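Since the structure comes first, as structure tokens, the remarks are kept for the end.
The values are calculated or read from the model by the stated rules, or taken from the named source; none is laboratory data. Bear in mind that the values here come from a model prediction, so they are computed numbers and not experimental data. Surface areas here come from the heavy atoms of the whole protein model, side chains and all, with no ligands, DNA or RNA. Shrake-Rupley method; radii C 1.70, N 1.55, O 1.52, S 1.80 Å.
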Amino acid sequence: MTLKNRLGKFIVISGPSGVGKGTICNILLSKKENNLSYSISMTTRKKRIYEKNGVDYYFTSRDNFKKRILNNEFLEYNLYNKEYYGTLKTEVLDKINKGINVISELDVNGAEKIKNNFKDCILIYITAPNIEELRRRLIKRGTENKEEIEQRLKIAIYEEKEKINYDYVIMNDNLEIAIEKIQIIIKNFLIDK
Ligand code: 5GP
């Protein structure tokens, strides 16, 4: 394949709430050599105080989200903790066709759907030492109340069982080491074969 018609590749990052997916994605995105573009998902969940609409997510109403489902605007979408999250075709297809690599944070269901639809796709699951550590990180983050944290931890137990379906599972108990490992995986994946 020549450079001209090389398609971009799809990198999916998953993992339980509080594991550090956002931090990891931001570090990977800041490295120019990765040639990565973030796929901004659409969601119906409430914006966190530090989040920006159109940067972290496209925040929208349930009605608008449902309209877009009917318009066939999503590559995939899912309900997570009773809120909709979805990958817009406009965030991905143009970039892939232009040879830009896309990175996205998806739950385990979204990751499976993307894997089934994109040949050049890699799934990386970030895990934490244990549920207690995740609880500690979520409490420290302070963006969810106690009940929501427990809901997210319940989902985390389900997600951890699904990690066997991923190409790689990376432990994030030391951010620097986790980044080093993911960077090697991505570098190898992005090399044209
Ligand atoms: P959070 O509310 O913590 O930002 O995200 C909750 C979960 O939704 C995380 O597992 C995150 O990776 C996932 N997620 C974010 N965007 C999408 C998306 O577009 N599709 C799917 N299926 N999951 C998403």
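Odds and ends about this structure:
- The chain - percent relative contact order, Cα under 8 Å, separation 6 or more: 32
- When the helices of the chain are scored as -39500 (n - 2.57) per DSSP H run of n ≥ 4 and the total is divided over every residue, the value at 222 nm lands at -13000 deg cm²/dmol.
- Legend: translational diffusion of the range 3-190 by Stokes-Einstein, Rh = Kirkwood radius over C-alpha pairs, 10 °C, 1.306 mPa s; D = 93 µm²/s.
- Listed by chain and number, the aspartates and glutamates placed with their C-alpha closer than 18 angstrom to that of Lys154 are Glu83, Asp107, Glu132, Glu133, Glu144, Glu162; residues fewer than eight positions away on the same chain are left out.
- Straight-line cross-link reach from Lys31 at under 15 Å between alpha-carbon atoms covers these aspartates and glutamates, not counting any fewer than eight positions away in the same chain: Glu176, Glu180.
- Rounded accessible area per residue of the chain, 1.4 Å, Å²: 57
- Alpha-carbon gyration tensor eigenvalues x 5, square-rooted, for the range 20-69, Å: 25, 13, 8
- Share of carbon and sulfur in the accessible heavy-atom surface of the range 3-190 [1.4 Å probe, %]: 51
- Beyond 19 Å in Cα-Cα separation lie the following of the pairs Lys47/Lys113; Lys21/Lys181; Lys9/Lys95: Lys47/Lys113.
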